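Each remark here refers to the structure printed beneath this line.
Values quoted throughout were computed directly from the atomic coordinates according to the rules given, and no laboratory measurement underlies them. Everything numeric in this text was worked out from a predicted model, so none of it was measured. Here the Cβ positions follow ideal geometry from the backbone for every residue, glycine too, while neighbour counts run over all protein chains shown.
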Amino acid sequence: MQFLFIEELLQLFFLHCSKSPELFVSKFDYSNFLIAYNYCRTESRFTHVSYSFRKILGYNQNNILSNGNFASKILHPHDVHILDEYLNIVPKSIDNLSHYSNQHIIKRTKCRARHSKGYWKFFIIFSIDYWNPNTNTIDKIGLIADERTKPHQQVISGNRDHFHFNAFISERTLYSQGSNEHNVMISPRESEILELISDGIIARVIAAKLNICLSTVITHRKNLISKFNVHNTAELIKKATKLMLI
């Protein structure tokens, strides 16, 4: 997926706010699909997280900051080690840290996080490693993008006279790629049912668990099979797993 505009956005705001992680993060407080963060390696925790965290995932960002590292609590079990390694690995072959801090190399990874309402959301995490003189270590500053959201007339800053980027974001920009394999768009309810199907729970039990009709579960399952372009439930689970959706 080509999120080049997010990389450009990260570079732009990093250049203007790199000396103040708090200022950088605040620029994204009102975003509907981006979460800004600063991660301190020496303390192995997030020191700053934008208020958009609550809007996108439903959790209070103050609790996240109190816990420091929220990965074990809301990330998919299969992704916890991915994020931990991504956040804490130190770049190699660095001869001059001040020179390195000016390279602004953006790295990315993917992970799933559980919304406070129980369904899974799929994210791409972008970061820049930079030299933090306060901790004397290389920390990370970056953005977490909700991959499934279709942004329209988004505002990054609380100041609505600045940073409108609806004109330079389009659905095509967000989801354009050589193949549609990774563009499966499913609703929160479909995500919930998909997760239960992957756990081996039969349709009748799913219906009772979610307090919905059996026919509704069956319809959702058929729609999922169609959206994933597969022939049966087994192929559905296999492809959803490959795409890290379950």
Averaging over all projection directions, find the projected area of the Cα convex hull of the range 188-242 and quote it in nm² with one decimal place.
3.3 nm²
Per-pair calculated FRET efficiency, R0 = 25 Å: residue 81 and residue 19 via Cβ, rounded to 0.05
0.20
Starting with the highest mean, order 211-218, 233-240, 52-59 by the number of other Cβ atoms within 10 Å, averaged over the residues of each peptide.
52-59, 233-240, 211-218
Pairwise label distance in nanometres, residue 222 with residue 199, each label 7 Å out on the Cα-Cβ vector
2.6 nm
Compute the FRET efficiency between residue 8 and residue 44 as 1/(1 + (r/R0)^6), taking r as their Cβ-Cβ distance and R0 = 25 Å, and round to the nearest 0.05.
0.30
Going through the cross-link list 73/239; 110/209; 19/117; 19/73; 19/55, which pairs have a Cα-Cα distance over 28 Å in this structure?
110/209; 19/117; 19/73
